[in-house]
1. Every residue in the stretch A:154-164 that is in contact with a Leu (Cβ under 9 Å, 6 or more places away or on another chain) and in contact (Cβ under 8 Å) with a residue 24 or more places away in the chain, please.
2. Considering each of B:Tyr67, B:Tyr62, B:Tyr104, B:Tyr100 in turn, give the residue that is in contact with a Pro (Cβ under 7 Å, 6 or more places away or on another chain) and among the hydroxyl-bearing types (Ser, Thr, Tyr).
3. Six or more apart or on different chains, Cβ atoms under 7 Å: show the pairs whose first residue is in the stretch B:168-186 and touching a residue at least 12 places away in the same chain (Cβ under 8 Å) and surrounded by 12 or more Cβ atoms within 10 Å (Cβ to Cβ) and whose second is outside any loop (DSSP other than H, G, I, E, B) and charged (D, E, K, R).
4. So which residues in the stretch A:87-104 are surrounded by 17 or more Cβ atoms within 10 Å (Cβ to Cβ) and in contact with a Lys or Arg (Cβ under 7 Å, 6 or more places away or on another chain), if there are any at all?
5. What helices (runs of 4 or more DSSP H) lie completely within the stretch A:3-86 and have 2 or more residues being crowded, with 19+ Cβ neighbours inside 10 Å and within 11 Å of chain B (Cβ to nearest Cβ)?
6. Could you list, in sequence order, the residues of the stretch A:77-102 that are farther than 27 Å from B:Ala25 by Cβ and in contact with a Leu (Cβ under 9 Å, 6 or more places away or on another chain)?
7. Tell me, which helices (runs of 4 or more DSSP H) wholly within the stretch B:100-194 include 1 or more residues that are under 26 Å from B:Arg76 (Cβ atoms)?
8. May I ask you to say which residue of A:Val136, A:Val164 is modelled with pLDDT of 90 or more, over 23 Å from the mean Cα position of the chain (by Cα), surrounded by 11 or more Cβ atoms within 10 Å (Cβ to Cβ) and closer than 22 Å to A:Met61 by Cβ?
There are 2 protein chains.
Amino acid sequence: MELPESLLNVIDQLSKIPGVGDKTATRQTLILAKWSADDLNAFGDAMKNLANLKACVDCGMYSDLDYCEICSNSERKESKSVCVVENVTDCLAIERSGNYEGLYHILGGVLNPLMGVGPDELKIDSFVKRVRGLEVKNVILAVNPSVEGDATCSYIKQVLPSDVEVDRIGFGIPMGGSLEYLDTMTIAKALENKKKM
Amino acid sequence: MELPESLLNVIDQLSKIPGVGDKTATRQTLILAKWSADDLNAFGDAMKNLANLKACVDCGMYSDLDYCEICSNSERKESKSVCVVENVTDCLAIERSGNYEGLYHILGGVLNPLMGVGPDELKIDSFVKRVRGLEVKNVILAVNPSVEGDATCSYIKQVLPSDVEVDRIGFGIPMGGSLEYLDTMTIAKALENKKKM
C-alpha cells in the first residue's frame, strides 16, 4: 500500500535533511499529520521565509537585514578587533563561549586550490579593505587546524597591513581532555604552547 | 547575539516535532539555510499541503481522496475480512509485514472512559454498519494488549453480528526474542497460545 501523496511529499522533504532517515521522516510526518492547518501553515511559511535570509554585507553572518546584529553594534565596532572564522557555526560557537566582544569575518571555507577555492571565493580582498576601513588593530584567526586552515592563516597574515596584530587561536589540551587519549599532534602543540603559571 | 528572526522561526517549528531538541533543530536549520529558494518553497508547500490530508470515509486511514487506496481495491473488498487497529501506524506495520490482504478499520484509540473515550469517539457504530454492509465474514482485532485494549476487543465482539467470526491477533514470544528477558505476562500468554507442531 502506498501512502497518500501529501504524506509522501513531506517524508521526502524531511529525509533530505542530513541525519534524518526514511524511518524518522515517516514517524515525524505522521505526527505532523495531526497538527492543525494553522500550525502547518506557520511551519510552511517559516520554511519559505528562510529563502529571504540574507548574509551580512560586512561579515557574511546570516541576517534578516543588510547588516547583522554584531556589525550594527557600535561597541563591538569600537573594539577594533576582528575574529576570522570558517563558517557561521564557528561564529556561533565563539559567541556561545561569551568571551569575545569584537567583530567577526566569516570566510565561508578555507583556501583549497584543488577544490577551486582561492582568495577570491573567500572574499579576502574585501576583508583587507574592511580591516583598513575600520582601522582594526587586532585580527584573531579562529580557523580550524588543518593543512588548508594553516595555509589560509598564513595567506591572510601576508595580505593584511603589517601594523595589524594577527593572532591565531590557541591550540592545546581541551578542557576535560585526558593526555592518555589525545593524539600526538595535540600534545606536541600543547607543549609548544606552554604558559608560565 | 540573537540569530535572525527567519532562522529562529524555523528552529522553533522544527523543535516542536517530538524527538527534535533545540540543538538538533539549530543544526538542521543552518543546513536548511543553504538550500535554494526553490527547494525551501517546495518544502514549505509540502508542509502546508499536509493540511489537505483527509481520512478515508470508510476505514479512517489517511488519504488524499475520500476513499483510501485499500478501501478502493475491489480484491481486498472481496476478501470479506476487516482488521481493526488502534491507529494509522499500526495499520502501516501490518501492511509492511505483507501478510494481510483484507480491509482495515482504524479506531483512532481504545475505549477509555476515564479519558472520555467511549464507543462514539471510536465510531464503533459506523464500523458495525460497515461490517453489515460489506457482509464481512472475518474480523481480526489487532489491538495492542492492555487493559483498555482488552476491554475494547470485548466490546467490539459484543456489538458485532453473531455470525461474524472475530479473532484477536496472537500473543507470544516475538521472533528473535529470548525467554530469559521476557516479562512473565508474555511467557504466560505464550504458554497459553501453544500450538501443535
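The values are calculated or read from the model by the stated rules, or taken from the named source; none is laboratory data. Please read these numbers as outputs of a predicted model, since none were measured by experiment. All Cβ positions, glycine included, derive from the backbone under ideal geometry; neighbour counts span all protein chains shown.
1. Within the stretch A:154-164, A:Tyr155, A:Ile156 meet the criteria.
2. The conditions single out B:Tyr62.
3. Close Cβ pairs satisfying both conditions: B:Phe171/B:Lys189; B:Gly172/B:Lys189.
4. Within the stretch A:87-104, A:Gly102, A:Leu103 qualify.
5. Answer list for the stretch A:3-86: A:5-14, A:22-32, A:37-49.
6. Matches in the stretch A:77-102: A:Lys77, A:Ser79, A:Lys80, A:Ser81, A:Val82, A:Val84.
7. Those helices (runs of 4 or more DSSP H) span B:124-133, B:147-159.
8. A:Val164
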